[in-house]
Every structure is written in C-alpha cells, then in structure tokens.
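To start, the structure under review is shown below, and the notes come after it.
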C-alpha cells in the first residue's frame, strides 16, 4: 500500500512539473537593432543593457504567448524600440534614464500567429505607442524593469488576441 501511494504521488508530481509539450510559444527576432530609436543604456554597459532589454521583452512575449491555445506560435519581428523615458546626458558620470510623460514608449514590429501546421492564423504590422503611459494606475508592472513598455505590449496583446485566441 505504501509503495502504491509513493508511486501515485511521484506520478502526480511529474505531471505537475513537466510542461506541456505543445504549449503555445513565442519567437522574437530583433532586426537591425543598431538603428533602433532609443535603447540607450545610461550607466550600464551598452552591450549588456541591450542584451538585458532583449531578454526582458523575449520573456514578456513568451509569458503572454502562454495564454494562446496549445500548438500555436507567436512570431515577432521587432524593427524599432523607443523605451519609456530618456537618458539624461547632463553629466558623464551617473547618466540615468529619466521617465517623464514627454518620452513615451514606442515599439514597431510585425507579428504572425501560426498554428501547429505552420498555417498563419493572424498577422500584422504594428506601430505601438502609449502617449498616456503615466496616466492611471497599473500596479502589475509597477516594479518591473521596462514596466511601461511591458504594459503597452500587454495591452496590445489583450486587444489583438481577445476572445477567440486567449485560453479561458
């Protein structure tokens, strides 16, 4: 009886830990990042900062894509980024990103949602901008790096893939 319980518990744990193999996913491509409008680093090393920005947004798109039905892939090709805020160039030391409503987040990309058969379900060219990004309160991304930008992307995702596409 004890062996049966142990085996049963082990199987349940394995099922909970193992991710579904056909879960929706995302693929992000960064086209000509050297031409992006604003991906300035401030005090941080430029290459390190750019890598951190890319990884942050790739994870964000992946998390959003998890809401799509299994077997689908959301392909994103980013062609321009203008992060919320601007790097203060007043001094050489301690350059920081100042976030004011004057410097709103923007992102240009194309997307293609494909199913397991590699058939396009929905696609488009997107020119996102959130000029009112500091209005209202959204506690979800308040303490996140690039929170205003992530909020803008999440709103686009919600508007674009509502009802028919998002798993209930």
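Quick notes on this one:
- Every condition in (1) at pLDDT 95 or above; (2) closer than 19 Å to residue 154 by Cβ is met by residue 105 except one, and the failing one is (1).
- Within the stretch 108-162, being part of a helix (DSSP H, G or I), modelled with pLDDT of 90 or more and either within 17 Å of residue 83 (Cβ to Cβ) or in contact with a strand residue (DSSP E or B) (Cβ under 8 Å, 6 or more places away or on another chain) (or both) holds for 149, 150, 151, 152, 153, 154, 155, 156, 160.
- Only one of 55, 50 that is surrounded by 11 or more Cβ atoms within 10 Å (Cβ to Cβ), modelled with pLDDT of 80 or more, touching a helix residue (DSSP H, G or I) at 6+ places or on another chain (Cβ under 8 Å) and farther than 25 Å from residue 120 by Cα: 50
The values are calculated or read from the model by the stated rules, or taken from the named source; none is laboratory data. All of these numbers come straight from a predicted model, not from anything done at the bench. Ideal geometry is used to build each Cβ from the backbone, glycine not excepted, and the neighbour counts take in all protein chains shown.
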